[in-house]
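*Asks:* So that we are looking at the same thing, I have put the structure below in structure tokens.
Read the figures in this text as sums done on the coordinates, not as results from a lab. Just so it is clear, the model here is predicted, and its values are computed rather than measured. Quick reminder, even Gly has a Cβ in these numbers, built from the backbone with ideal geometry, and neighbours come from all protein chains shown.
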Amino acid sequence: MLSFKFTPSDRRPIKRIDTSALVAEFEARGGTVRRFQPGETASYDSVKIYLLEQGYQLSMVRNMNCVKRVGAKGRGKAMHWSKIIALVDELRAAENKQTFKVRRAA
């Protein structure tokens, strides 16, 4: 039976790329960079906490995402993840925050 232990020298070095020049070039061409606060992600747990703060409850029932108002009776409305993100985007847009889904400029 072979046993092998990894040592720090065995691990690949982490490559870090400085993207500030690319971002500056993109902004110079008229683009705008989408910026989010630390911890703002579209992960299930993050969305669940955000919706709870907005008065909605997100839960999983038999492999379906269900959304309902806090305190409402019943299971809630079954939604695909894309619809949930659309709901979150509506709420974020009402607060003048960056939406998760990219939208075309009007």
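*Asks:* About its Cα centre, how strong a charge dipole does the range 40-101 have in debye, to the nearest 20, once Lys and Arg get +1 and Asp and Glu get -1 at the Cβ?
*Replies:* Once rounded to the nearest 20, the dipole reads 420 debye.
*Asks:* Amide H of residue 65: which non-local residues (sequence gap of 5 or more, or other chain) have their own amide H closer than 5 Å, using H built in the peptide plane?
*Replies:* 79
*Asks:* Which entries of 73/101; 15/97; 48/101 have Cα-Cα distances beyond 24 Å here?
*Replies:* 73/101; 15/97
*Asks:* Oh, and also: Between residue 86 and residue 20, what FRET efficiency follows from the Cβ-Cβ distance if R0 is 35 Å, with the result rounded to 0.05?
*Replies:* Working: r = 33 Å, r/R0 = 0.93.
In this case the efficiency is close to 0.60.
*Asks:* Sticking with this one: Between residue 96 and residue 45, how high is the FRET efficiency from 1/(1 + (r/R0)^6) when r is the Cβ-Cβ distance and R₀ = 41 Å? Nearest 0.05.
*Replies:* On the way: r = 24 Å, r/R0 = 0.59.
E between residue 96 and residue 45, to the nearest 0.05, is 0.95.
*Asks:* When Lys and Arg each count +1 and Asp and Glu each count -1, what net charge do the other residues less than 10 Å away from residue 75, Cβ to Cβ, add up to?
*Replies:* Around residue 75, the surrounding residues sum to +4.
*Asks:* Which trypsin sites (Lys or Arg not before Pro) from the range 26-80 combine a DSSP loop assignment with at most 15 other Cβ atoms within 10 Å?
*Replies:* Answer by residue number: 29, 34, 35, 62, 73, 75.
*Asks:* Rounded to the nearest 0.05, what FRET efficiency do residue 52 and residue 103 give with R0 = 35 Å and r taken as the Cβ-Cβ distance? Could you check?
*Replies:* In this case the efficiency is close to 0.90.
*Asks:* Using amide H atoms built in the peptide plane, which far-off residues or other-chain residues are under 5 Å from residue 57 H to H?
*Replies:* Hits under the 5 Å cutoff: 68, 69, 70.
*Asks:* Ok, one more. Under the 0.36 nm per residue contour assumption, what length would be gained going from the current alpha-carbon distance of residue 77 and residue 63 to full extension?
*Replies:* 3.7 nm
*Asks:* If you don't mind, there's one more thing I want to ask. Could you run the Karplus curve 6.51 cos²θ - 1.76 cosθ + 1.60 with θ = phi - 60° over the range 44-53 and give me ³J(HN,Hα) per residue in whole Hz, x for Gly and Pro?
*Replies:* Karplus values, whole Hz, x for Gly and Pro: 4, 5, 5, 5, 4, 5, 4, 5, 5, 5.
*Asks:* Taking the convex hull of the Cα atoms, report for the range 40-101 its projected area averaged over all directions, in nm². Before the final figure, lay out each step's value.
*Replies:* On the way: hull surface 16.2 nm².
Its Cα hull, projected and averaged over all orientations, spans 4.0 nm².
*Asks:* Apply the Karplus curve 6.51 cos²θ - 1.76 cosθ + 1.60, θ = phi - 60°, to the phi angles in the range 30-37 and return the couplings in whole Hz, x for Gly and Pro.
*Replies:* The phi angles translate into x, x, 10, 8, 7, 10, 10, 6 Hz.
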